[in-house]
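Here the structure is laid out as structure tokens; the discussion comes afterwards.
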């Protein structure tokens with residue numbers, strides 16, 4: 001698992017999402033990664049200043065990320081519905097819906113204006 005960290009406006013780590021390596025790779029190869037380039041800024045992690053590449057969620061950036069994720073959620077929902085059937089096990093269901101759950105979690109964080 002990899003994590004995506006969200007920082008508050010005062011540059012303190014506030015939340016993070018654990019995402020699968022497959023999901024992270026998919027994001028990196030998708031238009032999501034080209035919405036806006038990251039900027040290296042000083043942040044505080046565990047009380048220590050570090051320099052990290054960040055993407056500011058301000059102005060149109062937040063909306064573009066949100067729009068991309070909402071479209072991806074619709075597409076992923078269609079995929080899930082096409083592949084579900086009555087004899088699915090709980091494990092099958094969890095595997096099939098993992099990307100959908102990761103998309104929803106990421107969307108909720110991006111739309112949270114505290115970050």
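A short reminder: the numbers here are calculations on the coordinates, not readings from a lab. Since the model is a prediction, treat every value here as computed from it, not as a measurement. Every residue, glycine among them, receives a Cβ derived from its backbone with ideal geometry; neighbour counts consider all protein chains shown.
When you scan the range 9-80 for strands (runs of 3 or more DSSP E) that lie fully inside it, which ones turn up with 2 or more residues that are loosely packed, with under 12 Cβ neighbours inside 10 Å? Talk me through it step by step, then tell me what you get.
Values: elements: 13-19, 39-45, 48-54.
Those strands (runs of 3 or more DSSP E) span 39-45, 48-54.
Within the range 54-65, residues that are in contact (Cβ under 8 Å) with a residue 40 or more places away in the chain reach partners that are in a helix (DSSP H, G or I) with beta carbons closer than 6 Å, at six or more positions or on different chains, in the pairs 65/110. Go through 84, 44, 36 for me and flag whichever is within 21 Å of residue 11 (Cβ to Cβ) and touching a helix residue (DSSP H, G or I) at 6+ places or on another chain (Cβ under 9 Å). Result: 36 is the single residue among 84, 44, 36 that is within 21 Å of residue 11 (Cβ to Cβ) and touching a helix residue (DSSP H, G or I) at 6+ places or on another chain (Cβ under 9 Å). Within the range 83-115, the set of residues being assigned to a loop (DSSP other than H, G, I, E, B), out of contact with any strand residue (DSSP E or B) (no Cβ under 9 Å at 6 or more places or on another chain) and within 20 Å of residue 70 (Cβ to Cβ) comprises just one member, 113.
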